[in-house]
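Below: the structure, in structure tokens.
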Amino acid sequence: MRVLVTGAAGFLGSHLTDRLLGEGHSVIGVDNLSTGDLKNIGHLSREPRFHFEQHDICEPFGPDFSRGPVDYVFNMASPASPPEYLRLGIETLRVGSVGTENTLELAARHGAGYLHASTSECYGDPLQHPQTEEYWGHVNPVGPRSVYDESKRYAEALVMAYHRYRGVNTHLVRIFNTYGPRLQPSDGRVISNFLMQALRGEPLTVYGDGNQTRSFCYVDDLLEGILLLSKSNEHLPVNIGSPIEFTILECARAVLDVTGSKSELRFEPLPQDDPTRRRPDITKARTMLGWEPHVSLTEGLQKSLDFFTAKAAAGQ
Ligand code: UDP
């Protein structure tokens, strides 16, 4: 297939690109580099089946953009870490609305399959636990996080509309917290922050009392689920994430164990509307896709260590 991946220089987009190339496909990678990093795809500079276009998906794709047919579109483009989407609030709303519509138009024009990277943030600060796909969420539509949450919720509505009204073969994955190599060390997420702080011997910054929970999925497991979903006949959202829930304090301890660091914990204020708990119900992915994650948090942190150790050594 000829596959177009938006957000190809990002954390998930670059790993997805590697997987698609590994399966023998050709990939057109698109990114405006607002939060992506060319280093994530630097190893592909001599790959004849990979072509990179620096392009903002909020600008329409011209008729010759792909220089040929497109069989599948993976829409992975968006700022995704809280500090980054709070910095780029309007851009985040635009990429989920105008940008996503442009990618759907492209898919419709080419008769291509389509997968959109949605998020557990659609559930907001959930009142149902664990979260099933049927849960409509508990989202503050005007709080600081709304630029991300509502962008992603609108994008889901748009994707469903292109499926229902235009017959596009769409798929929606609701991604829960994911980590691994190529998470930007400075983008402010908990695992990257903790690993970098532990490796530098700095205190680990725990926001709030650290009793809020997240369920962390290693990137390879997540991509397995995304690829299975992309080939399925399911058009409604599917949760892909780890069903094993950790408090942020447990996560800090796991990072200290894996790194052997003696760093202390430093408690800092909890950001506004920070969800108190988050865990996917993955029954649908298990039954429909035969998918479940296999990499434990400790194993995943170990697999991530070389990347973050190199970044810490480079002073990043
Ligand atoms: N967090 C933390 N210390 C950090 C970064 C994040 O305690 O240095 C907390 C954050 O408040 C949240 C959780 O870790 O409760 C996950 O945050 P992250 O930014 O990784 O992703 P989110 O799930 O909030 O989108």
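Express the accessible area of the range 185-284 per residue in Å², computed with a 1.4 Å probe while the remaining protein chains stay in the model. Can you show the working numbers first?
Working: 4140 Å² over 100 residues.
Counting only protein heavy atoms, the per-residue value for the range 185-284 is 41 Å².
Checking the cross-link filter: which aspartates and glutamates have an alpha carbon closer than 18 Å to that of Lys231, excluding same-chain neighbours under 8 positions apart?
Within the straight-line limit of under 18 Å, Lys231 reaches these aspartates and glutamates: Asp18, Glu23, Asp71, Asp220, Asp221, Glu292.
For the range 23-44 and the range 171-241, what is the centre-to-centre distance using only Cα atoms, to the nearest Å?
With the range 23-44 and the range 171-241 each reduced to a Cα centre, they are spaced 19 Å.
Could you pull out every one of the lysines with an alpha carbon less than 21 Å from that of Lys262, ignoring same-chain neighbours closer than 8 positions?
Cross-link targets: Lys303, Lys311.
Tally Lys and Arg at +1 and Asp and Glu at -1 over the other residues with C-beta under 14 Å from the C-beta of Tyr165: what net charge comes out? Please report the intermediate quantities before stating the final value.
Values: positive: Arg164, Arg166; negative: Glu101, Glu105.
Value of the local net charge: 0.
Once amide H atoms are built 1.01 Å from N in the peptide plane, which residues 5 or more positions from Gly124, or in another chain, come under 5 Å H to H?
His138
Looking at the square roots a ≥ b ≥ c of the eigenvalues of the Cα gyration tensor of the range 36-143, which shape do they give, rounded for a/c under 1.5, prolate if a/b is larger than b/c, or oblate?
Working: a/c = 2.00, a/b = 1.69, b/c = 1.18.
Since a/c reaches 1.5 and a/b is larger than b/c, the shape of the range 36-143 is classed as prolate.
Work through the residues other than Ile28 whose Cβ is under 14 Å from its Cβ and net out their charges, Lys, Arg +1 and Asp, Glu -1. Numbers along the way, then the final one.
Numbers: positive: Arg2, Arg49, Arg67; negative: Asp31, Glu47, Glu53, Asp64, Asp71.
Here the count lands on -2.
How large is the accessible surface per residue of the range 1-114, computed with a 1.4 Å probe and reported in Å² as a whole number? Show your work: numbers first, answer last.
On the way: 4740 Å² over 114 residues.
I get 42 Å² per residue for this part.
What fraction of the Cα pairs in the chain, stated in percent, has a spacing above 28 angstrom?
Working: 17989 of 49770 pairs.
Value for the chain (Cα pairs over 28 Å): 36 percent.
Note the full-extension length gain between Arg49 and Asp64 as 0.36 nm times their separation in residues minus their Cα-Cα distance, in nm to one decimal. Display every interim value, and only then the final one.
Values: separation 15, 0.36 × 15 = 5.40 nm, distance 1.81 nm.
Extra length from Arg49 to Asp64 when fully extended: 3.6 nm.
Taking the DSSP beta bridges in the chain as the whole, what percent of them are antiparallel, to the nearest 5? Intermediate results must be reported in sequence, preceding the final value.
On the way: 3 of 38 bridges.
Beta bridges within the chain, antiparallel portion: roughly 10 percent.
Nearest 500 deg cm²/dmol is fine: what mean residue ellipticity at 222 nm does the chain get from its DSSP H runs of n ≥ 4 alone, each adding -39,500 (n - 2.57), divided by its residue count? Mind dumping the intermediate values first?
Working: 9 runs with 108 residues, N = 316.
Counting only the DSSP helices, I get -10500 deg cm²/dmol.
Just need log10 I(q)/I(0) for the range 242-316 at q = 0.12, 0.15, 0.20, 0.27 Å⁻¹, Debye formula, equal scatterers on the alpha-carbon atoms, no solvent, rounded to two decimals.
-0.51, -0.76, -1.08, -1.24
Grab the other residues whose beta carbon is less than 13 angstrom from that of Tyr207, score K and R as +1, D and E as -1, and report the net. Walk me through the intermediate numbers first.
Numbers: positive: Arg189, Arg214, Arg266; negative: Asp209, Glu268, Asp273, Asp274.
Local charge sum for Tyr207: -1.
Can you give me the three principal axis dimensions of the range 177-216 from its C-alpha atoms, in Å, biggest first?
25, 23, 13
Evaluate the relative contact order of the chain (contact order divided by residue number), counting alpha-carbon pairs under 8 angstrom at least 6 apart; express in whole percent.
Relative contact order here is 17 percent.
Take the solvent-accessible surface of the protein heavy atoms, probe 1.4 Å, and return the percent of it on the chain that carbon and sulfur atoms account for.
Numbers: 6900 of 13380 Å².
Carbon plus sulfur share of accessible area: 52 percent.
For a protection proxy built on the mean count of beta-carbon atoms within 10 angstrom, sort 60-69, 287-296, 178-187 highest first, please. Walk me through the numbers on the way to the answer.
Values: 60-69: 11.8, 287-296: 15.5, 178-187: 21.0.
Per-residue Cβ counts within 10 Å, averaged per peptide and sorted highest first, yield 178-187, 287-296, 60-69.
The values are calculated or read from the model by the stated rules, or taken from the named source; none is laboratory data. Everything numeric in this text was worked out from a predicted model, so none of it was measured. Note that each Cβ is placed from the backbone with ideal geometry, even for glycine, and that neighbours are counted across all protein chains shown. The accessibility values were calculated without ligands, DNA or RNA, using every heavy atom of the protein model including side chains. Shrake-Rupley method; radii C 1.70, N 1.55, O 1.52, S 1.80 Å.
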